[in-house]
Amino acid sequence: YEVADLMSVEIGTSDQSTEFPNRAVDDVLPDQSEQFGFDLQVTRDFSPTFQVGGAVGATVVTGIGDVGPFPFYSFDVGWRITPKVNLALSGGRTVDSPQTIDSALETSDAVELTADWDITPKIDVGSAFAYSRSIFETATATGGLVEDREDERFSGQVTFGYSPIDDLRLSLSYLYVDQDSTIDTSSFQFQRVSFGAALQF
């Protein structure tokens, strides 16, 4: 629904069923869960170069004692500083059934900043920096939840792009990830250098 020419409001719902074939099945932590949620989204264009959006909602997870509702939110800000430079800030909270064997619920708070710069028609640079904090909880025999793991993750990525001809783009990217967890085996540092080539027809 468009409130005005530069503002829109949307109401959304979601229904997701997840199966865990590798999860140990017992009376406390079943091998299937279903998640239902709804949200209200608002987007506002303050100018042709500056946009702000956000959403709030709640979700309920069944299969682990019918827990919830849990609130969640998201936001995103986009700013085209110049025709060649763009900044974006996004983040929020998500609540999901995690893809882990021994946890029933994952709540994550995250924020990410991205920047893109078209230096010349043939050369561009992009970067992305993100931070997230995730809490994993397991179900108890009484139907409640107890925290059993917490992860903190920082990641940074820089990409250089070059187009020697109009239909070909070459890219060189460096990615760094550092995760600290209350579970020792889930703490790690990761670095990757990658090269790519894209040809358009």
Residue-span extension gain [Ala110 to Val56] - 0.36 nm each, minus C-alpha spacing:
18.0 nm
Full extension between Ile165 and Gln179 adds, at 0.36 nm per residue less the Cα distance, a length in nm of 1.1 nm
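Work out, step by step, the length gained on full extension between Val77 and Glu150: first 0.36 nm times the residue separation, then minus their alpha carbon distance; give nm to one decimal. Walk me through the intermediate numbers first.
On the way: separation 73, 0.36 × 73 = 26.28 nm, distance 2.78 nm.
Stretched fully, the Val77-Glu150 segment lengthens by 23.5 nm.
Read-outs throughout are calculated quantities, based only on the coordinates presented, and are distinct from any laboratory measurement. Just so you know, these numbers come straight off a predicted model, no measurement behind them.
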